[in-house]
Amino acid sequence: MSEGRQIGEVILDLKNISLRFGGVKALTDISFDVREHEVRAIIGPNGAGKSSMLNVINGVYRPQEGDIIFRGEHHRDMNTYAAAKAGIARTFQNIALFKGMTVLDNIMTGRNLKMKSNFLLDALYWGPAQREEIAHRRKVEEIIDFLEIQHIRKTPVGRLPYGLQKRVELGRALAAEPSILLLDEPMAGMNVEEKQDMCRFVLDVNDQLGTTIVLIEHDMGVVMDISDRVVVLDYGRKIADGTPDAVRSNQDVIDAYLGVAH
Ligand SMILES: Nc1ncnc2c1ncn2[C@@H]1O[C@H](COP(=O)(O)OP(=O)(O)O)[C@@H](O)[C@H]1O
Ligand SMILES: [Mg+2]
């Protein structure tokens, strides 16, 4: 973890979140908070409710109970548009990119919300629209440099190895210039080298861009290395919350991972 990074106030506060799908209780009465500039990990066995939690934060799922407070504002009915507007971006457990489009164009799609121009205005005022396009391209090129993917900027994403596709997906999320970045298993399925690269980029984003990170990750080594605080879910309930060291030695967590009968 970097020396200069200052962890700030609570910017995201989740209170008593419950989410059900018919009879399935995906999340039961979960509360935790996220502080500005921190790396906050969510861990837990498969089916624990981790992805559902991210989907609640960015408005894909609407919880039946609970409250989401983001920068002091209550979002009882957060939706994906409101979340994106508020500065929340995410990547998905399964890569969701346009496989036939180039790296550059995929990352450009992350700028959608920032683009003011529309087709009619473009026709009437070609000049301003073109200037705007140039500014967006410049931002995208910055991200491409930051993620060290200049050499593949014109390559269709479908032709890239898995690790690089995940990096492009990170790039697209960064194109929205988020204040909070939600990462759903960014290192799953990667080899050791790809994992190390991804770890470094996540830490660079956190450190150099100041972005707050909420991260779901299975690799405990990675979680223990890069997170400031960890929340542990099991069967839709929160069973632990604290520093990596505290969580690692928590008996409930050890039991959950060893599959002790409930
Ligand atoms: N859209 C959905 N419809 C029905 N059940 C769902 C849906 N999304 C998640 N679930 C259920 O909620 C529980 C938690 O899933 P998930 O959040 O994906 O867990 P995790 O990411 O920790 O593996 C699981 O039992 C899963 O089957
Ligand atoms: Mg998941």
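The values are calculated or read from the model by the stated rules, or taken from the named source; none is laboratory data. Please read all numbers here as calculations on a predicted model, not as lab measurements. Positions of Cβ are backbone-derived with ideal geometry, glycine not excepted, and every protein chain shown enters the neighbour counts. Heads up: the accessible areas ignore ligands, DNA and RNA and are worked out on the full protein's heavy atoms, side chains in. Shrake-Rupley method; radii C 1.70, N 1.55, O 1.52, S 1.80 Å.
Which one, PRO63, GLN165, LEU97, is farthest towards the positive end of the dipole of the chain when Lys and Arg carry +1 and Asp and Glu -1 on their Cβ? Highest projection toward the positive end goes to LEU97. Proximity of backbone amide H atoms, modeled 1.01 Å from N, is registered between ASP234 and ILE239 at under 5 Å, excluding neighbours fewer than 5 places apart on the same chain. Against the criterion of solvent-accessible heavy-atom surface with a 1.4 angstrom probe, ARG62, ARG200 sort, most first, into ARG62, ARG200. On C-alpha positions alone, give me the angle between the axis of helix 192-208 and the longest principal axis of the chain, in degrees, nearest 10. The angle comes out near 80 degrees. Comparing ALA176, ALA246, ALA26 in a Gaussian network model of the chain, where Cα atoms under 10 Å apart are tied by springs, the biggest mean-square fluctuation is seen for ALA246. Computed over the chain, the quotient of the alpha carbon radius of gyration and 2.2 N^0.38 Å is 1.05.
For PHE92, the accessible area of its heavy atoms, probed at 1.4 Å with every protein chain present, is near 80 square angstrom. Taking the charge dipole of the chain about its Cα centre, with +1 at Lys and Arg Cβ atoms and -1 at Asp and Glu Cβ atoms, the residue from ILE254, THR80, SER52 reaching farthest to the positive side is THR80. In the chain, the DSSP-assigned H stretches of four residues or longer account for a calculated mean residue ellipticity at 222 nm of -11000 deg cm²/dmol, using -39500 (n - 2.57) per stretch and the full residue count as denominator. Rounded to the nearest 20 debye, the dipole magnitude of the chain is 940 debye, with +1 charges on Lys and Arg beta carbons, -1 on Asp and Glu beta carbons, and the Cα centre as origin.
Result for the chain in a Gaussian network model with C-alpha springs under 10 Å: among ASP13, ASP77, ASP228, the largest mean-square fluctuation is at ASP77.
Can you list, largest first and rounded to whole Å, the semi-axes you get for the stretch 142-262 by taking the square root of 5 times each eigenvalue of its Cα gyration tensor? In descending order, the three semi-axes are 31, 16, 12 Å.
Taking all protein chains together and rolling a 1.4 Å probe, ARG172 ends up with roughly 50 Å² accessible. Roughly what angle does helix 126-146 make with the longest principal axis of the chain, taking Cα atoms, 0 to 90 degrees, to the nearest 10? Between helix and principal axis, roughly 50 degrees. Amide H contacts of ARG35: ILE11, each under 5 Å away and 5 or more positions distant or on a separate chain (H built 1.01 Å from N in the peptide plane; Pro and chain starts excluded).
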